[in-house]
Structure formats: C-alpha cells, structure tokens
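Here is the structure we will look at, set down as structure tokens.
Coordinate-derived values only; no laboratory data. Remember, it's a predicted structure, so these values are computed and weren't measured experimentally. As a convention, Cβ positions derive from the backbone with ideal geometry for all residues, glycine included, and neighbour counts pool all protein chains shown.
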Amino acid sequence: MQVFVDCDPGIDDALALAYLAAQPEVRLVGVGTVYGNNAVDVTTNNALRLLELYGLQDVPVAAGAGRPLVQPPHLAKGVHGGNGLGDVSTPEPQGVPVAESAAELLVRSARSAPGELDVLALGPLTNLAVALSLEPELPRLVRRLVVMGGAVQAPGNVTPWAEANINNDPEAAETVLGAGFDLTLVALDVTMRTLADAVWLDELAAVPGERAAVSARFLDFYAGWYGRVLGERACAMHDPLAAAILVDPALVTSSVDVPVRVELRGQYTRGLTVADLRGWPADETDGRPAVTLATEVNSAEFLKRMLNALR
Ligand code: BDR
Ligand code: CA
C-alpha cells in the first residue's frame with residue numbers, strides 16, 4: 001500500500017512513523033509536515049531525523065503550513081517537549097525538505113496513483129484543506145483518509161470540548177470532514193481508551209535496539225505529562241493507533257457512519273466535533289457526507305503490534 005503521512009512530530013507522531021516503518025506492506029511515498037505540537041520548522045526537522053533513524057531517508061519530506069487558516073497556532077510544547085520529541089536529542093538530519101509544499105506533494109502523489117494512495121493525517125488539517133483548494137478532486141483521487149482528531153462523546157484535551165488537531169484549525173477540519181473522502185476518524189473516544197500503561201512501558205524499556213530505546217525515552221517524557229492528568233504512569237497512543245488502523249482497518253471493532261461537523265463559533269466550544277448520531281436517512285439531514293467514526297478498537301492487539309514494530 002502507498003501511504004502519504006501528514007504530521008506534526010510530536011512524540012506520538014514519531015511512534016506512528018516507527019509503526020509504519022516496520023510494516024512490510026507499507027510504501028511511504030511522502031511525509032508532509034505542519035505546525036501543531038511545535039512550529040513547522042521544528043516538526044519538519046523532526047520528520048527528517050525520525051525517517052533517517054528508521055531507515056527511511058529516501059522518503060521525501062515536504063514542509064507545510066506554518067499556521068492555521070484563520071487563527072494563531074496553539075503549540076503543545078508542554079506535552080511534547082521544547083524540541084517536540086521529549087527533549088531527547090537524536091542525530092542531526094542529513095537530508096533537507098523538498099522544494100514542494102506538503103499540500104503540493106500530497107496532490108502530486110495522489111494524481112500519480114489515482115485511487116491507490118492512502119493518506120494518514122496526524123496533525124492539524126491545514127495542509128489537507130490547502131490541498132483540497134489545489135485539487136478539488138482529491139477525495140476521489142485518494143483511496144482512503146484516516147484522521148487522528150476530534151472528540152465526539154469523550155472530553156477534549158486542549159479545551160474541555162476540543163481535541164488538539166481539530167482545535168488548532170477548526171476551519172480546515174470543517175472543510176476536510178465534509179469534503180467527501182472515504183474517511184475514518186480516530187478520535188479521543190478511542191485513543192484515550194488505548195493507553196500505554198506502566199507494564200507496557202516497562203516491556204518497551206526491555207526491548208533491545210536503538211529504535212526501541214529512543215522511543216522509550218520519548219515516551220518517558222510523554223508519560224510524565226500524561227501521568228499528571230491521568231493519575232497513573234501511562235500515555236495515550238493517539239497517532240500510532242491511527243497508523244495501525246490505516247494499515248489494518250479490522251482493528252476498528254465498532255464504528256458508525258455519520259456526518260461530523262466542527263463548531264466554529266462557540267465561545268467555549270469552538271473546535272468541538274459534532275457528530276450527527278441520530279442515524280436518520282440522508283434526505284432527512286442536510287446531506288453532508290458521512291465519515292466513519294471509530295467507536296471501539298482492539299486496543300490490546302494494537303499495543304501488541306506496536307511493541308512488535310519496535311522490536
Ligand atoms: C493529537 O494532538 C497532538 O498533540 C498529538 O500528536 C496527536 O496527533 C492528540 O490530540
Ligand atoms: Ca500529531
């Protein structure tokens with residue numbers, strides 16, 4: 001399978017890239033970067049260094065948006081560290097980003113393999129919204145889009161209602177979720193129920209090899225932040241869960257196909273993902289295309305596969 005990843009590395013983005021790097025059936029055709037967990041120059045540098053660490057130095061990295069469509073960005077340095085990777089130092093990258101923007105590389109990749117490209121979006125959806133403005137046929141050119149983002153019935157994480165990736169660019173998210181992609185939404189509803197707990201983190205710490213060791217150090221920092229909000233040594237595996245679902249949709253054990261909108265105006269609820277869970281026929285609703293909202297996942301199986309990917 002041909003995969004394009006748009007991301008903001010980011011500790012869990014790093015784990016997602018490590019997961020994909022270990023899947024023999026995945027051919028990564030490009031990585032786009034976006035502001036989010038850190039500024040875009042930092043996330044771009046991180047994408048380059050991570051791909052080199054995982055032996056994927058030939059994958060083109062394209063820098064994307066440095067800010068959301070409308071509002072200023074909200075960076076997550078407290079969660080992911082001042083360098084976006086838990087303040088863990090890794091070798092400086094040898095490569096540089098390509099000249100194209102992330103949106104341009106995505107559009108070119110989709111046009112060159114119509115109906116064959118799978119896209120994984122792990123950051124704010126700004127690059128995807130820009131790509132749609134460059135190529136309105138993108139939803140037909142792409143085979144499948146998996147988005148890590150949103151909080152439908154679960155609480156948010158940046159505000160009580162909004163999840164970070166959607167909250168950073170609600171306008172872009174509203175456009176992408178309504179564009180007609182074959183889209184699976186992997187929201188906090190399932191990612192916050194897929195925690196790497198103390199036992200799993202200890203198992204990872206015992207895995208030999210550079211990839212596992214670096215990941216364990218990233219996750220030490222991440223679990224430090226999550227530990228404070230969760231009250232236990234654990235962390236949420238948002239982005240790698242979405243990556244695993246892209247590779248194997250059967251990890252989603254229950255889902256609903258529903259239109260999802262993004263609240264753009266609420267004083268307290270801007271960035272909230274609003275799913276129409278009524279289950280009414282399309283002619284009784286406003287006709288917005290449905291997306292597949294994952295409601296249950298096989299977390300144990302995913303965590304086993306994640307550990308295997310780092311072995
Ligand atoms: C999402 O926000 C980012 O901080 C993470 O990398 C993940 O993509 C979780 O809300
Ligand atoms: Ca991310």
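Any idea what log10 I(q)/I(0) is at q = 0.08, 0.10, 0.13, 0.16 Å⁻¹ for the chain, Debye with uniform C-alpha scatterers and no solvent?
-0.30, -0.48, -0.85, -1.37
Whole Å is fine, so just give me how far the alpha carbon centre of segment 264-311 lies from that of segment 38-99.
26 Å
Return the FRET efficiency for the residue pair residue 56, residue 182: r is the Cβ-Cβ distance, R0 is 22 Å, and the value is rounded to the nearest 0.05. It would help to have the intermediate numbers written out before the result.
Working: r = 26 Å, r/R0 = 1.17.
The formula returns an efficiency of 0.30 here.
Any idea what the dipole of segment 190-311 comes to, in debye rounded to 20, about its Cα centre with Lys/Arg Cβ at +1 and Asp/Glu Cβ at -1? Display every interim value, and only then the final one.
Working: 13 positive and 16 negative charges, 74 e Å.
Computed charge dipole of segment 190-311: roughly 360 debye.
Considering the convex hull of the alpha carbon atoms of segment 186-233, report its projected area averaged over all viewing directions, in nm², one decimal. Please report the intermediate quantities before stating the final value.
Details: hull surface 14.6 nm².
In nm², the orientation-averaged hull projection of segment 186-233 is 3.6.
Roughly what percent of Cα-Cα pairs across segment 218-259 reach past 16 Å? The partial results should precede the final answer.
On the way: 466 of 861 pairs.
Within segment 218-259, distances greater than 16 Å cover 54 percent of Cα pairs.
Can you bin segment 1-105 into rounded, prolate or oblate? Criterion: square roots of the alpha carbon gyration tensor eigenvalues sorted a ≥ b ≥ c, rounded for a/c under 1.5, prolate for a/b above b/c, oblate for the rest.
On the way: a/c = 1.66, a/b = 1.24, b/c = 1.34.
Taking the square roots of the gyration eigenvalues as a ≥ b ≥ c, segment 1-105 is oblate.
Report the rotationally averaged projected area of segment 158-311 based on its alpha-carbon convex hull, in square nanometres. Provide the component values of the computation, followed by the final result.
On the way: hull surface 40.5 nm².
Mean shadow area of the hull around the Cα atoms is 10.1 nm².
State the three equivalent ellipsoid semi-axes of segment 145-233, derived from the C-alpha gyration tensor as the square roots of 5 times its eigenvalues, in descending order and whole Å. Numbers along the way, then the final one.
Values: eigenvalues 174, 52, 25 Å².
Listed largest to smallest, the semi-axes of segment 145-233 are 29, 16, 11 Å.
Calculate how many DSSP beta bridges within the chain are antiparallel, expressed in % of all such bridges and rounded to the nearest 5. Show your work: numbers first, answer last.
On the way: 12 of 37 bridges.
Bridges in the chain that DSSP calls antiparallel: roughly 30 percent.
In whole Å, what are the Cα extents of segment 33-85 along the three principal axes, biggest one first?
Taking the Cα atoms of segment 33-85, the three principal extents are 36, 23, 11 Å.
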